[in-house]
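The values are calculated or read from the model by the stated rules, or taken from the named source; none is laboratory data. Here the structure is a predicted model, which means the values were calculated and not measured. Counting neighbours? That spans all protein chains shown, and the Cβs are built from the backbone with ideal geometry, glycine included. Surface accessibility is based on the protein's heavy atoms, side chains included, excluding ligands, DNA and RNA. Shrake-Rupley method; radii C 1.70, N 1.55, O 1.52, S 1.80 Å.
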Amino acid sequence: MRSILILIVTTVLAPTVHAQETKPLSRFSGPKEKLHIYILVGQSNMSGLATVEEEDRQMPRNLYLLDAKGDWVQATHPFIQYTNTTNGADVSTIKAKGKTGLNFGLTFARRMLEANPDAAIGLVVNSQGGSAIESWKKTAKTSNYDKTHDRVRPIQNTGIIKGVLWHQGESNLDLGEKYLDSLEMVIAQFRKDLTNPKLPFVAGQIAPLPKGKEKIQAFNQALLKLSVRTTHTGVVRADDLSGNDIHFDSAETRKLGLRYAEEMIRLQGK
């Protein structure tokens, strides 16, 4: 009798459980001017490798990700899941199905929504772990930049592109201040192709590791000169963080996401 009861309960509940697992994500359907689009690019810290903790589970109702089909779908962890520039670390993060993969996008979006309560936020997350800045320069449809632009081009009329978030440099420490020459090229590409010469661009410092301390400090100090060399740019400082790992932990990731937002709000107010 007990076996029969279990079978009945399983049969009744199974469709319900399956329906919850396959429930389609809601899609943005508002007017163009209400969707504020941000492009998140760079390497692994922008992809996000931090643990998704309980406080990260609460997702803003009007936060969307650009999916692989070019639709704006309700945001879920990890934000890197729809990228077309994956490497091995990104694939592992995606396979973890939301246990890891916290990136700057969540707290960034929360703060931007506080500042713009009538808007929705759409994030195009297209970073690649381990990528050098050379892979973000425009080429014959083979670079990370080109792949990112392939995703962005078709959705320009679905919202307003409000800015770019950039976190990259661990692979280019040896460039020192010369890194800014390459970064200025990347910024110019985005602004030209998105037809916005004043598009806000915010870059982030890398983790202050004790190993290679002098090179890292020199790189981070050089990055602070970006806003002097290129208008409508800002830099998020990370030199006051722990430096325990090249990848920021969950608390640091949340803190930096807020810093990206504050810098973006400052630039947009100019």
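Tabulated values for the structure
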{"item": "For Gly257: the one exception among (1) under 16 Å from the mean Cα position of the chain (by Cα); (2) of a type outside the set (A, V, I, L, M); (3) surrounded by fewer than 20 Cβ atoms within 10 Å (Cβ to Cβ)", "result": "(3)"}
{"item": "Selection from the range 124-142 of residues that are among the small types (Gly, Ala, Ser) and open to solvent by less than 10 Å² (accessible area, probe 1.4 Å)", "result": "Ser127, Gly129, Ser131"}
{"item": "The range 22-48: number of residues that are part of a loop (DSSP other than H, G, I, E, B), modelled with pLDDT of 95 or more and on the phi < 0 side of the Ramachandran plot", "result": "1"}
{"item": "Strands (runs of 3 or more DSSP E) completely within the range 144-245 that count 2 or more residues being closer than 23 Å to Tyr64 by Cα and either in contact with a Phe, Trp or Tyr (Cβ under 8 Å, 6 or more places away or on another chain) or open to solvent by less than 10 Å² (accessible area, probe 1.4 Å) (or both)", "result": "160-167, 201-204"}
{"item": "Residue that is nearest to Tyr64 (Cα to Cα) [pool: residues in the range 86-123 that are surrounded by fewer than 24 Cβ atoms within 10 Å (Cβ to Cβ) and of a type in the set (Val, Ile, Thr)]", "result": "Thr107"}
{"item": "Condition check for Ala251: over 22 Å from Ala132 (Cβ atoms) and surrounded by fewer than 18 Cβ atoms within 10 Å (Cβ to Cβ)", "result": "yes"}
{"item": "Subset tally (residues that are outside any helix (DSSP H, G or I) and within 15 Å of the chain's Cα centre (by Cα)) for the range 75-95", "result": "8"}
{"item": "Search result, residues across the range 156-180 that are touching a Gly at 6+ places or on another chain (Cβ under 6 Å) and over 30 Å from Gln217 (Cβ atoms)", "result": "Gly159"}
{"item": "Selection from the range 60-74 of residues that are over 19 Å from Pro154 (Cβ atoms), out of contact with any Phe, Trp or Tyr (no Cβ under 9 Å at 6 or more places or on another chain), assigned to a loop (DSSP other than H, G, I, E, B) and touching a residue at least 12 places away in the same chain (Cβ under 8 Å)", "result": "Pro60"}
{"item": "Every pair of residues 6+ apart whose Cβ atoms lie under 9 Å, when the first sits in the range 190-208 and is closer than 20 Å to Lys225 by Cα and without any contact (Cβ under 8 Å) to a residue 24 or more places away in the chain while the second is of a type in the set (S, T, N, Q) and assigned to a loop (DSSP other than H, G, I, E, B)", "result": "Pro197/Thr231"}
{"item": "Which numbered condition Asn244 fails, given (1) modelled with pLDDT of 95 or more; (2) touching a helix residue (DSSP H, G or I) at 6+ places or on another chain (Cβ under 8 Å)", "result": "(2)"}
{"item": "Checklist (1) without any contact (Cβ under 8 Å) to a residue 12 or more places away in the chain; (2) under 19 Å from Leu25 (Cβ atoms) applied to Ser92, failing item", "result": "(2)"}
{"item": "Residue that is in contact (Cβ under 8 Å) with a residue 24 or more places away in the chain and closer than 19 Å to Gly234 by Cα, where the choices are Gly159, Gly130, Gly163", "result": "Gly163"}
